[in-house]
Structure formats: C-alpha cells, structure tokens
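K.L.:
First the structure, which I've put down as structure tokens, then a few questions once you've had a look.
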Amino acid sequence: MARGAARRNRGLPRGSGHGAARRPQRLRAPDRRLAVRPAPRHPPRLARVVRDRPRHGTVPANARELRPAPAAAVEDGEARPLCGVCSAGRRRARRVRAHSLGPRAGARCHGALRTVTTPGSARDAFLRHLADVRGLSPHTVRAYAGDLARYLEWAERAGADPLHLSHRRLRGYLAEMDAARYSRRTIARRLSAVRSWFAYLLAEGLVDSDPAAVLASPKLPARLPKAMPADEVRALLESPDPGTPAGLRDRALLELMYATGMRVGELCALRVGDVTSGSASVRVMGKGARERVLPLHPLAVAAVNAYLTRARPQMDRRVADALFLSSTGNPLSTDAVRRIFRRRLAEAGCAPGASPHTLRHAFATHLLEAGADLRTVQELLGHIALSTTQTYTHLSVKRLREVHGGAHPRA
C-alpha cells in the first residue's frame, strides 16, 4: 500500500499549509517524458485596471464639435479650452491622459483658450492670415475670398457643415462644379483655396480633420503662354505719338514693361523714386512683398526721362507720387493700362487678343532665344520656382534648333 500511495502522490509538493515552500513540479507530458516548470522568481503583479474611455470614432465630427464645454469654460461667451476642439483623435495615445484630467489639463497641453468659430469668422481669420502673415497681394486675397465664398454658398445649398464634413461630401462640391461645366482650371483653383483654408484651420486647432487633403486636383492640360513676335513688339513700342503728353506716357509705359517684364500690378504700383536714371534701374515690389531691382536699357531710360520732364508735370494736378498718371492726375489702374495697351495694339496693326502679360511672355522668350540662362530670367521675372520659368523654354524653338545645330556631331 505504501508503495502504491507513493506512486499516487508522486509529483505533489511535500509538506502542507499555505506557507509551504513551493518546489518545481513534475508534469507528465503526453509522450510520457517529464517536463519541469520553474517557480516564478517574482510575485505575480496586480492586473492593471483599464477604464473604458469614450472614443472619438463613435460619434461624427460635428457631434464632437457641439459637445458642451467644460464647467470652467465661459458660458455662452465664445471661448472654451482648445482640447475640446483639437485633433485628439489622431493623438489619442499621447494625450488621452492629459485630456481626461479636465479643462486645466487641456489648457496646460495647448497653452491657451480658443474661440468657437463660425464659418464666416474662420474665413475672415484665414484671409487676415494671408494678408498679414503670408504677405500676399490684395488681388490674391480677393481671389481666395471669392473662391471660399463659392464654397460656403455650396455648403448652404447642400445643407452641409462647411467646417466639419467628410471627403466624400466635399467631393460632391467638385461634382457640382463639373456638372455645371466649369473648366478644370477653375475647379482646381477653388479646390486649392479650400485645401489651403482647411490646412490653416487644422494648424490652428479649429477642426479635427482635413477632408480636402485626400482629394486630388483635376489634371490640367498643358497650356503654353503666348508671346508676341519681335517685329510686332517693335511696332507696338513705336505706335504712341511722342508729340503729346499721352503719347510720351504710353511710350514710357510700354518701353518699361518690355524692358523689365514686370506685371501690370507692379507697373501701377511704381513711384517716381523707384526709377533711378543714374544707375539705369527700377525697384519693383512683386508678389508676396518681394522686392527686386531690375536693369533698364538706354531706350527705356530715355523714354522714362522724356515722360518725367515733358509730360508728367502737365498731368500732376494733385501732387501724386505714382509714376504713371492719367490725364486727370489720378494714378493709372490696371484696367486703364489694359485699355491703353489694346488701343496701341490696334494702332500698330498687331494681331488682336494680346494683353500686357503677353508682353511679359515676349520679354522672357526673347531673352532665352538670345542666349540668356534660365536662372537669370527667373530672377528678372520674380519667379519663386524655376519650373515656372521653364515653361518659356518650350516657346523658343528657334533657340533649341540653333543649339542643336551647333552642338550635335551630325548636324
């Protein structure tokens, strides 16, 4: 009996009671080989209590935005902690502890209180950011304002929240413009404005997500700029009559545009002190408040000096500082310069359809055809990206043929 009991008790720990030392236990494996399980070196740890926290994914974005503000926030006063509107859903793993501690933790995490914004106030704040921080021109800011106004009008018609919507809903805005037969360039420009707006709102912590970031812009067809031939440019520059004040002004105006390749807005923004006859240069304030100094050839300097000495004193009735004035003494606007250009273009017998910007294209194309390097033309035009200037390399086919004929071994 003792032998059988010993067999039955084999593998059990010796001793009894709760305080008995635990030794390695012998387990019978299925293949009748003994396996030894070592005793744990450390006492078992207590299980960590995991609390069930609400996830942002259970409610839509607009419902999260309309949650009641914490008690410490201002009641009906347009202010609440930023953690109530921030992108905690994307950074939940990092900030869930701080956000679960209440409004003080949110203020410590984000450092300030944010304003509950409406679509109109968010648009106005973005436009001020474009003008004051990014330094964009008033024309560019006005274009952004128009594109965002069209987007807000669509959101009102579609019954969508313009600040909190999915990318599928936003795609409906593009589909509506496509059904209305808007050009691809217009659709791409309006989508770019909405994308820039959402990027600003996301950076400021005013929205949870950017639905416009995942939408692709329509593919635009390649469109080469039009350039005037050199003989038409010469006829245009010689069309104004130098015997009249208006003729002297128009000749100086056209010579200055073709000599520098400046934009119409840059031309109208010139002041008398920006032109320096001694150094044969002109100071131009371009897009984004970027200033550049452009050289002038002798014909342009002579035309500007003749206008300043013989014509402008008869037009300056209000002691204006603008370089180019109208017959009534007011500074010339961009529309006035375009009208003068069209009138002189018809007098020269050139093909209709050209604009002052066409003269800028002719400036760049003629320089490249004469052998100027692309980097120099970029500086003269005021382009930020070299790829913008590379567009003019497709126009100078004559220059490409000359280089090919002089460099190719078989030419």
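K.L.:
Looking at region 180-201, which of its residues are within 15 Å of the chain's Cα centre (by Cα), of a type in the set (A, V, I, L, M) and more than 14 Å from Pro119 (Cα to Cα)? Before you say what the answer is, go through the steps one by one.
P.N.:
The initial filter retains those residues of region 180-201 that are within 15 Å of the chain's Cα centre (by Cα), namely 188-201.
Next, from what is left, pick out any that are of a type in the set (A, V, I, L, M): 188, 191, 193-194, 199, 201.
Within region 180-201, Ala188, Leu191, Ala193, Ala199 meet the criteria.
K.L.:
State the number of residues belonging to region 236-271 that are surrounded by 18 or more Cβ atoms within 10 Å (Cβ to Cβ) and charged (D, E, K, R).
P.N.:
Matching residues across region 236-271 total 6.
K.L.:
Further, regarding this structure: Consider Arg181 carefully, then state whether it is assigned to a loop (DSSP other than H, G, I, E, B), on the phi < 0 side of the Ramachandran plot, at pLDDT below 95 and among the basic types (Lys, Arg).
P.N.:
On the way: assigned to a loop (DSSP other than H, G, I, E, B): yes; on the phi < 0 side of the Ramachandran plot: no; at pLDDT below 95: yes; among the basic types (Lys, Arg): yes.
Taking the combined requirement at face value, the residue does not satisfy it.
K.L.:
Determine, yes or no, whether Gly247 is assigned to a helix (DSSP H, G or I) and touching a Gly at 6+ places or on another chain (Cβ under 6 Å).
P.N.:
Details: assigned to a helix (DSSP H, G or I): yes; touching a Gly at 6+ places or on another chain (Cβ under 6 Å): no.
No; evaluated as a whole, the condition is false for this residue.
K.L.:
Would you pick out the residues in region 303-325 that are part of a helix (DSSP H, G or I) and aromatic (Phe, Trp, Tyr)?
P.N.:
First, pick out the residues of region 303-325 that are part of a helix (DSSP H, G or I): 303-315.
If the condition is that a residue be part of a helix (DSSP H, G or I) and aromatic (Phe, Trp, Tyr), then Tyr307 is the only one that fits.
K.L.:
Please tell me if Gly382 is on the phi > 0 side of the Ramachandran plot and buried (at least 19 other Cβ atoms within 10 Å of the Cβ). Can you show your working first?
P.N.:
Numbers: on the phi > 0 side of the Ramachandran plot: yes; buried (at least 19 other Cβ atoms within 10 Å of the Cβ): yes.
Considered against the rule, which asks whether it is on the phi > 0 side of the Ramachandran plot and buried (at least 19 other Cβ atoms within 10 Å of the Cβ), Gly382 comes out as yes.
K.L.:
Shifting gears a bit: Please find, within region 272-302, the residue that is surrounded by the fewest Cβ atoms within 10 Å (Cβ to Cβ) out of those that are assigned to a loop (DSSP other than H, G, I, E, B) and without any contact (Cβ under 8 Å) to a residue 40 or more places away in the chain.
P.N.:
Residues of region 272-302 that are assigned to a loop (DSSP other than H, G, I, E, B), as a first pass: 277-280, 286, 290, 296-297.
Narrowing the set further to residues that are without any contact (Cβ under 8 Å) to a residue 40 or more places away in the chain leaves 277-280, 297.
Numbers: Ser277: 13, Gly278: 6, Ser279: 11, Ala280: 16, His297: 12.
That would be Gly278.
K.L.:
Considering only residues that are under 38 Å from the mean Cα position of the chain (by Cα) and among the polar types (S, T, N, Q), look in region 297-352 and name the one that is farthest from Met257 (Cα to Cα).
P.N.:
Asn330
K.L.:
Let me confirm something: among Ala269, Ala300, Ala320, Ala311, which residue is of a type in the set (A, V, I, L, M) and more than 21 Å from Phe341 (Cβ to Cβ)?
P.N.:
On the way: Ala269 fails: more than 21 Å from Phe341 (Cβ to Cβ); Ala300 fails: more than 21 Å from Phe341 (Cβ to Cβ); Ala311 fails: more than 21 Å from Phe341 (Cβ to Cβ).
Result: Ala320 is the single residue among Ala269, Ala300, Ala320, Ala311 that is of a type in the set (A, V, I, L, M) and more than 21 Å from Phe341 (Cβ to Cβ).
Here is a yes/no grid of residues against (1) loosely packed, with under 11 Cβ neighbours inside 10 Å; (2) touching a residue at least 60 places away in the same chain (Cβ under 8 Å); (3) of a type in the set (D, E, K, R):
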| site | (1), (2), (3) |
| --- | --- |
| Ser326 | no, no, no |
| Phe341 | no, yes, no |
| Gly371 | yes, no, no |
| Thr388 | no, no, no |
| Thr391 | no, yes, no |
| Val403 | no, no, no |
| Gly406 | yes, no, no |
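The values are calculated or read from the model by the stated rules, or taken from the named source; none is laboratory data. Predicted model only: the values in this text are computed from it and were never measured. All Cβ positions, even for glycine, are placed from backbone atoms using ideal geometry, and neighbour counts span all protein chains on display.
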